[in-house]
Amino acid sequence: TIHGVGKKIGVDADIQLLDYLQVLVNFTKDSTFTLINVGAKTALFAGLAITGANAGDFILKSPVGGFTLLPGTSQVVTVTFAPTAVGKRIATISTTGSAGFFAAVDLMGEGVVPGLGGVPDSVDYLNVKVMGTKDSLLTAKSIGKAPVSIGGYGLYGPDANQFVIVNAMAPRVLP
C-alpha cells in the first residue's frame with residue numbers, strides 16, 4: 001500500500017468567493033485576493049478577465065496587463081465593486097493566456113440604496129380652530145438597506161408657512 005498527500009499543481013487562489021456584501025449603488029469598494037503559484041513551473045499570464053452576468057459592475061484595479069508567477073510566488077489582485085443597480089451582482093474573474101495554469105474567483109456583492117420613511121406616514125390636522133395649535137410627533141426611520149444621513153429638516157408645500165418644526169433632532173445617520 002502506498003499513501004501520500006495530493007498537491008495541486010499550477011496556480012491557485014487563496015479564496016473561492018470574494019463577497020463585497022452591501023455597497024451603495026454608484027459607490028465603490030475595493031477588495032483583494034491572492035493568486036499563488038503552487039507548481040514547479042513559471043506561469044506567464046496575459047492578464048485577468050472578468051466575465052458573467054454583471055461583469056460591468058466589477059473593475060480590475062491591479063495587476064493591469066500581463067504578469068509572471070515564478071514557482072512559490074504570489075500576486076495580489078485588487079478588484080473594485082461598483083454596483084450600477086439594486087440587487088445581487090455576480091461575476092467571475094479568471095486568469096488568461098497561460099496554458100496549463102488556470103485560477104478563478106467568483107465575485108459577488110449587493111447594490112443597495114438608502115430609504116427614508118416616517119412614523120406615522122401621515123398626520124391628520126382636521127378640526128384645528130383658527131389660531132389654534134395641534135402637536136404631532138413624527139419619527140424618521142430608515143426603510144432601505146443602507147444607512148440614511150439626515151443633515152436637516154424642512155417643511156414644503158403650498159401651506160408650509162402654516163406649520164412649525166418644534167423639536168428637530170441634530171443631523172445624524174439612521175442605520
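The values are calculated or read from the model by the stated rules, or taken from the named source; none is laboratory data. Please read these numbers as outputs of a predicted model, since none were measured by experiment. Virtual Cβ from ideal backbone geometry, glycine too; neighbours counted across all protein chains shown. The accessibility values were calculated without ligands, DNA or RNA, using every heavy atom of the protein model including side chains. Shrake-Rupley method; radii C 1.70, N 1.55, O 1.52, S 1.80 Å.
Annotation: Ile15 fulfils all but one of (1) under 18 Å from Met108 (Cα atoms); (2) in a loop (DSSP other than H, G, I, E, B); (3) open to solvent by less than 50 Å² (accessible area, probe 1.4 Å); the unmet one is (3). Could you tell me whether Ala91 is in contact with a Ser or Thr (Cβ under 6 Å, 6 or more places away or on another chain) and either surrounded by 14 or more Cβ atoms within 10 Å (Cβ to Cβ) or under 30 Å from Lys145 (Cα atoms) (or both)? When the stated conditions are applied, Ala91 does not pass them. Once segment 124-154 is narrowed to residues that are among the hydrophobic types (A, V, I, L, M, F, W, C) and at pLDDT below 80, the residue that is nearest to the chain's Cα centre (by Cα) is Ala146. In segment 145-152, the count of residues that are closer than 17 Å to Asp121 by Cα and not in a strand (DSSP E or B) is zero. The conditions of being within 23 Å of the chain's Cα centre (by Cα), modelled with pLDDT under 95, within 23 Å of Leu24 (Cβ to Cβ) and open to solvent by less than 30 Å² (accessible area, probe 1.4 Å) are not met by Val79. Residues that are assigned to a strand (DSSP E or B), out of contact with any helix residue (DSSP H, G or I) (no Cβ under 7 Å at 6 or more places or on another chain) and farther than 16 Å from Glu110 by Cβ: does segment 50-57 have at least one? So far as segment 50-57 goes, yes, one or more of its residues are assigned to a strand (DSSP E or B), out of contact with any helix residue (DSSP H, G or I) (no Cβ under 7 Å at 6 or more places or on another chain) and farther than 16 Å from Glu110 by Cβ. In summary, Gln22 fulfils each of the numbered conditions (1) over 28 Å from Val148 (Cβ atoms); (2) open to solvent by 60 Å² or more (accessible area, probe 1.4 Å); (3) touching a residue at least 12 places away in the same chain (Cβ under 8 Å) with the single exception of condition (1). Check Val64, Val25, Val38 and return the single one that is closer than 30 Å to Gly115 by Cβ and at pLDDT below 95. The unique qualifying residue is Val25.
None of Thr68, Thr84 is of a type in the set (Ser, Thr, Tyr), open to solvent by 30 Å² or more (accessible area, probe 1.4 Å) and assigned to a loop (DSSP other than H, G, I, E, B) except Thr84.
For segment 97-138, filtered to residues that are open to solvent by 70 Å² or more (accessible area, probe 1.4 Å) and among the polar types (S, T, N, Q), the residue that is nearest to Asp19 (Cα to Cα) is Ser122. Applying the condition of being hydrophobic (A, V, I, L, M, F, W, C) and part of a strand (DSSP E or B) to segment 25-49 and asking which residue is farthest from Thr73 (Cα to Cα) yields Ala49.
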